[in-house]
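Chemist: I have a structure here, written as structure tokens, and I will follow up with some questions on it.
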Amino acid sequence: MRGFTDDERDRIRDGLVETGRELFTQYGLKKTTIAELTEPVGIAPSTFYQFFDSKEELYAEILERESEEIVGPIMANSFESTDDPEEAIRRFLRLLLDEIESNPLLRHVLVDGTAHEYVARGTEAEKRAEREDELAQILPYVERWQEQGKIGDTDPTVVASVIRAAVFITLHQDDIGEDLYLDTRNLMIDAVAAGLSDL
């Protein structure tokens, strides 16, 4: 079996990530085959496993890269752009929900159900670690606001968890109804931002 140079490995890995992003967005994780992932990159299906142990591992890397691309700008334009907790929380939730609702991959993952089948595969320890990572992005800001006396002394992890939980409204668009979703979402954001800042 022919080996690959480092440059070839990087090119193939990046190609698999790009192809996977397109196919997972269009068809989802379950319906995308290994052959469909490898054909555009010019490798055999069996060679896929030199780069990723499974489709799920490729999927996880794609989501991680996607997250890295969007989190920085969202944080910069919310928590890092104002010292007002209410405005920071409002901006964060609006920006993140706007991204989820307009980004085809994230929409497919979170809104159209792929997240449920993907999350179900994770162990309890993996789910806990992912939740803790998400909370860790918000916690420093909550703790700073508490130190500055801008919000009350409720457990900062619980405050961060409420902010995180508000994002899950996007999973319930169908339950809420298309005619009510946007107004419901925006009022919920305002209520969460105002409520947490008044603790």
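Chemist: Applying the selection to region 141-161, what residues are of a type in the set (A, V, I, L, M) and free of Cβ contacts under 8 Å to residues at least 12 places away in the same chain?
Modeler: If the condition is that a residue be of a type in the set (A, V, I, L, M) and free of Cβ contacts under 8 Å to residues at least 12 places away in the same chain, then VAL158 is the only one that fits.
Chemist: Next question, about the same structure. Report, ordered by the first and then the second residue, all pairs with beta carbons closer than 8 Å, sequence separation of six or more or different chains, a first member in region 9-31 that is under 11 Å from LYS55 (Cα atoms), and a second member that is of a type in the set (Val, Ile, Thr) and outside any helix (DSSP H, G or I).
Modeler: GLY20/THR32; PHE24/THR32
Chemist: For region 155-199, which positions are among the polar types (S, T, N, Q) and at pLDDT 95 or above?
Modeler: THR157, SER161, THR184, ASN186
Chemist: Of the residues GLU57, GLU39, GLU61, which single one is at pLDDT below 95, over 30 Å from GLU147 (Cβ atoms), open to solvent by 50 Å² or more (accessible area, probe 1.4 Å) and assigned to a helix (DSSP H, G or I)?
Modeler: Only one candidate passes the filter, namely GLU57.
Chemist: Also, I was wondering about something else. Within region 68-97, count every residue that is open to solvent by 50 Å² or more (accessible area, probe 1.4 Å) and under 12 Å from the mean Cα position of the chain (by Cα).
Modeler: 2
Chemist: Further question on the same structure: Can you give me the number of residues within region 162-185 that are free of Cβ contacts under 8 Å to residues at least 24 places away in the same chain, within 29 Å of GLY152 (Cβ to Cβ) and within 22 Å of the chain's Cα centre (by Cα)?
Modeler: Summing the residues that are free of Cβ contacts under 8 Å to residues at least 24 places away in the same chain, within 29 Å of GLY152 (Cβ to Cβ) and within 22 Å of the chain's Cα centre (by Cα) in region 162-185 gives 4.
Chemist: Further question on the same structure: Is one or more of the residues making up region 167-177 closer than 13 Å to ARG91 by Cα and either open to solvent by less than 60 Å² (accessible area, probe 1.4 Å) or touching a strand residue (DSSP E or B) at 6+ places or on another chain (Cβ under 9 Å) (or both)?
Modeler: Within region 167-177, one or more residues are closer than 13 Å to ARG91 by Cα and either open to solvent by less than 60 Å² (accessible area, probe 1.4 Å) or touching a strand residue (DSSP E or B) at 6+ places or on another chain (Cβ under 9 Å) (or both).
The values are calculated or read from the model by the stated rules, or taken from the named source; none is laboratory data. These numbers were taken from a predicted model, which means no experiment stands behind them. As a convention, Cβ positions derive from the backbone with ideal geometry for all residues, glycine included, and neighbour counts pool all protein chains shown. For accessibility, only protein heavy atoms count, side chains too; no ligands or nucleic acids. Shrake-Rupley method; radii C 1.70, N 1.55, O 1.52, S 1.80 Å.
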